[in-house]
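Comments concern the structure below.
The values are calculated or read from the model by the stated rules, or taken from the named source; none is laboratory data. All values reported here derive from a predicted model rather than from experimental measurement. Note: ideal-geometry Cβ built from the backbone for every residue, glycine included; neighbour counts use all protein chains shown. Each accessible area value is taken on the protein alone, full model and side chains, heavy atoms only, with ligands, DNA and RNA left out. Shrake-Rupley method; radii C 1.70, N 1.55, O 1.52, S 1.80 Å.
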Amino acid sequence: FPNDDPRKSMNLFGDRYNGHVLFGKVRSRNTGQMSSEFYSRKFSSIDVPQIVRKSNEYNYRVIRYSDVLLMHAEAAYHKGLEAEARDKVNEVRTRARNSTYAMGFSLTGADVYDPFVNPGVADLDGTFTGQSLLDAIWTERRLELALEGYSSWDLIRTGRYVDAME
């Protein structure tokens, strides 16, 4: 993640990023077995109220709107509709640019959304065409859907898995 992308705070926390603050408190972790200095914020559940789930026979599927927009962008690209593809990516980037830090990112409180100053999430302009546009769409998927289990499937689906693993 670029440091000026608000989505970094939504996905990560750690010693060298935000002083290990999670939900408004410094959290200690045993880093002896970690291969990275970052932890996933999305899957950390310290002091987070548990959601009461309704039990029934239905299996509800949830899909993020940003995922739909980025699928649309990739499909538009493959149909030769590059302006439409850029528009869909820019919709996602606009939302990211207008984001705050994640709730409880700093020591100001567990339920505080600190404002993000000077986000560097610029819109894609007309210079993104051809392969550079497709690469930008793939990069946007990696940033927007980080740590949600899409990345390896995107690499397989697009034929880039072996190269990425090497």
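Structural remarks
- Probe 1.4 Å - accessible area at V21, Å² to nearest ten: 10
- For segment 108-166, a simple Cβ point-charge model (Lys and Arg +1, Asp and Glu -1, everything else neutral) yields a dipole of about 220 debye relative to the Cα centre.
- Amide hydrogen neighbours beyond the local backbone of A110, cut-off 5 Å, H modeled: none
- Rh (Kirkwood; distinct C-alpha pairs) - the chain, Å: 17.9
- Dipole magnitude for the chain: about 580 debye, using +1 per Lys or Arg Cβ and -1 per Asp or Glu Cβ, origin at the Cα centre.
- Positive-end residue of F105, L70, L124, charge dipole of the chain with Cβ unit charges: F105
- Taking Cβ atoms as reference points and 14 Å as the exclusive limit, the residues near A83 contribute a net charge of -3, counting Lys and Arg as +1 and Asp and Glu as -1.
- Potential extension, H78-R142 segment - 0.36 nm per residue separation minus Cα distance: 21.2 nm
- Extension gain (nm, one decimal) between Y113 and R16, 0.36 nm per residue minus Cα-Cα: 32.9 nm
- Debye log10 I(q)/I(0) for segment 102-166, one point scatterer per Cα, at q = 0.15, 0.19, 0.23, 0.27 Å⁻¹: -0.71, -0.88, -1.01, -1.15
- Carbon + sulfur, % of accessible area of the chain - ligands and nucleic acids excluded, 1.4 Å: 54
- 5 angstrom amide H check on L22, placed H, neighbours 5+ away: R27
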